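Asker: My structure is below; once you've seen it, I'll send some questions.
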There are 2 protein chains.
Amino acid sequence: MQDETARRELGSEFLPRFDAAGLITAVAIDAVSGRLLMLAHMDAEALATTRETGLAHFHSRSRGRLWMKGESSGHVLRVIEIRVDCDQDAIELRVDAAGPACHTLATSCFYRRLTAAGTLERVDD
Amino acid sequence: MQDETARRELGSEFLPRFDAAGLITAVAIDAVSGRLLMLAHMDAEALATTRETGLAHFHSRSRGRLWMKGESSGHVLRVIEIRVDCDQDAIELRVDAAGPACHTLATSCFYRRLTAAGTLERVDD
């Protein structure tokens, strides 16, 4: 078990850990600005298709199907680099965004901050 | 339904969406460098405790309990700002890290990139 953990955390083998639903969390980061853009989920098919095409694909839990980010809007995410975290249950996509990452047309989906009063306030960065 | 979506996505009410297991995904970003540090999960208790203390708390799925990042290492994450994504099922913590964010002592948990050959390679940034 210790060996297995070390292998996963420190080795050079890509051993993505999908959860019970067959999904792994993926975070898209703008490769130039470093800004967190969006968070979504990938199944093995979405991960493989992303690697093959160089365009971010996810698994839509609500629609139950493979989904290319930007398939309807044209706001695709070109994947510059894929990183994995220590225990290989999360993926970082470093991307070149062809447009706003959020379906609301915000640059990032994380466009509101929580104030001390407990309400949300728009941020623009 | 449309009104509910608009309220959640464009409104000023904080309405975090916990999943069936009572969890919401949280991403920690270094407030200075902008670097993605780690990804973990929060339940309502972890989110409330993070807001109260200003230190990042998560819910450990493996240990089944509230966990303060840095409780044993001292590498706490001071929360500068909390942001939420469009549909409020993911949280961004903009943090000041007191030390390496990863338990492996890497600055970020995302310290390996996937090469074209399909193996992992250490990155240092």
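The values are calculated or read from the model by the stated rules, or taken from the named source; none is laboratory data. Treat the numbers as computed from the prediction; the structure is a model and nothing was measured. Don't worry about glycine lacking a Cβ; one is built from the backbone with ideal geometry, like all the others, and counts go over all protein chains shown. Just so you know, the surface numbers come from the protein's heavy atoms only, side chains and all, with ligands and any DNA or RNA stripped out. Shrake-Rupley method; radii C 1.70, N 1.55, O 1.52, S 1.80 Å.
Asker: Taking B:Gly70, is it more than 14 Å from chain A (Cβ to nearest Cβ) and over 28 Å from B:Thr5 (Cβ atoms)?
Answerer: Here the answer is yes, as B:Gly70 does meet what is asked.
Asker: Let me confirm something: among B:Asp85, B:Asp89, which residue is of a type in the set (D, E, K, R), more than 8 Å from chain A (Cβ to nearest Cβ) and under 17 Å from B:Leu39 (Cβ atoms)?
Answerer: Being of a type in the set (D, E, K, R), more than 8 Å from chain A (Cβ to nearest Cβ) and under 17 Å from B:Leu39 (Cβ atoms) holds for just one of B:Asp85, B:Asp89, which is B:Asp89.
Asker: Being free of Cβ contacts under 8 Å to residues at least 60 places away in the same chain, more than 10 Å from every other protein chain (Cβ to nearest Cβ), hydroxyl-bearing (Ser, Thr, Tyr) and exposed (fewer than 15 other Cβ atoms within 10 Å of the Cβ) is the requirement here; does A:Thr53 meet it?
Answerer: When the stated conditions are applied, A:Thr53 passes them.
Asker: Keeping to segment B:28-42, report how many residues are facing chain A (nearest Cβ under 9 Å) and assigned to a loop (DSSP other than H, G, I, E, B).
Answerer: Residues flagged as facing chain A (nearest Cβ under 9 Å) and assigned to a loop (DSSP other than H, G, I, E, B) within segment B:28-42 amount to 3.
Asker: List the residue pairs whose Cβ atoms are under 6 Å apart, where the first residue sits in segment A:1-20 and is more than 9 Å from chain B (Cβ to nearest Cβ), the second is part of a strand (DSSP E or B), and the two are 6 or more positions apart or on different chains.
Answerer: A:Pro16/A:Ile24; A:Phe18/A:Ile24
Asker: Please specify each residue of segment A:62-111 satisfying the condition of being in a loop (DSSP other than H, G, I, E, B), within 14 Å of the chain's Cα centre (by Cα) and farther than 22 Å from B:Ala116 by Cβ.
Answerer: A:Gly70, A:Asp89, A:Ala101, A:Cys102, A:Ser108, A:Cys109, A:Phe110
Asker: Mind checking which pairs have a first residue in segment B:63-78 that is touching a residue at least 12 places away in the same chain (Cβ under 8 Å) and over 17 Å from B:Ser108 (Cα atoms) and a second that is surrounded by fewer than 16 Cβ atoms within 10 Å (Cβ to Cβ) and not polar (S, T, N, Q), Cβ under 7 Å, 6 or more apart or different chains?
Answerer: Once the first residue is touching a residue at least 12 places away in the same chain (Cβ under 8 Å) and over 17 Å from B:Ser108 (Cα atoms) and sits in segment B:63-78, its partners that are surrounded by fewer than 16 Cβ atoms within 10 Å (Cβ to Cβ) and not polar (S, T, N, Q) give B:Leu66/B:Glu45.
Asker: Continuing with this model, one more query. Residues in segment A:103-125 that are open to solvent by less than 20 Å² (accessible area, probe 1.4 Å), more than 11 Å from A:Ala28 (Cα to Cα) and touching a residue at least 60 places away in the same chain (Cβ under 8 Å): how many?
Answerer: 1
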